[in-house]
Amino acid sequence: MNGTTTTRSARLCAVVVATAALGLAACSSSSPSGSSTTSSPSPQNTATSTAAVTTAWTDFFAKTTPIAQKETLLENGSAMSGAVQAFSTNPMVGQVTASVQSVTFPSPDKADVTYSISLNGHVVENSMAGTAVYQNGKWLVSDTTLCGLLQLAQSTSGSSAAIPGCG
């Protein structure tokens, strides 16, 4: 294998593992990570909205966040619980993290999020694109972001099964 193929394989593996991390963390019985799920600031305040989006994103992707809290951080969370649980068996989930690099606001109720995925502290996928939405006074990770990650993971595994909650 050449270096490009090896690098691409490592990146796809990290995305698969990061996606699996969502599921296993969601099924965890650990207590909440201490983050609050209180209302976020008005989307008109960019600095505080950026902080709220970053917190929602970080908490959603944290392996220690229980499923009940993840559902409150995800657009259509209760409808998406099956998708979050779909990848709950990967043993590498504790090795993956997602970090927000930047947040921009194309509209008052939508944020474009650029983030990276790290495996054992080493960035393996940089500048990935996702979105957050402002609903009911809170910034939430968009369901399209989660579905996109799950579909990418599914395509690399060769599976064609339907992903619960991702129409």
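The values are calculated or read from the model by the stated rules, or taken from the named source; none is laboratory data. None of the values given here were measured: they were computed from a predicted structure. Please note: Cβ atoms are built from the backbone with ideal geometry, for glycine as well, and neighbour counts cover all protein chains shown.
Some values worked out for this structure:
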{"item": "Residue ID - farthest from the chain's Cα centre (by Cα), chosen from residues in the stretch 117-155 that are under 14 Å from residue 54 (Cα atoms) and of a type in the set (Ser, Thr, Tyr)", "result": "134"}
{"item": "Pairs, first under 20 Å from residue 117 (Cα atoms) and in a loop (DSSP other than H, G, I, E, B) in the stretch 58-69, second of a type outside the set (Val, Ile, Thr) and at pLDDT 80 or above, C-beta under 6 Å, six or more apart", "result": "65/59"}
{"item": "Single match in 119, 150 (criterion: hydrophobic (A, V, I, L, M, F, W, C) and closer than 16 Å to residue 62 by Cα)", "result": "119"}
{"item": "Unmet criterion (only one of (1) over 16 Å from the mean Cα position of the chain (by Cα); (2) part of a helix (DSSP H, G or I); (3) modelled with pLDDT under 50) for residue 36", "result": "(2)"}
{"item": "Test result for residue 103, at pLDDT 70 or above, aliphatic (A, V, I, L, M) and farther than 22 Å from residue 151 by Cα", "result": "yes"}
{"item": "Single condition residue 160 does not satisfy, out of (1) assigned to a helix (DSSP H, G or I); (2) farther than 26 Å from residue 107 by Cα; (3) not charged (D, E, K, R)", "result": "(1)"}
{"item": "Residue check, residue 144 at pLDDT 90 or above and in a helix (DSSP H, G or I)", "result": "yes"}
{"item": "Residue within the stretch 117-126 that is modelled with pLDDT under 85, surrounded by 14 or more Cβ atoms within 10 Å (Cβ to Cβ) and not aliphatic (A, V, I, L, M) present", "result": "yes"}
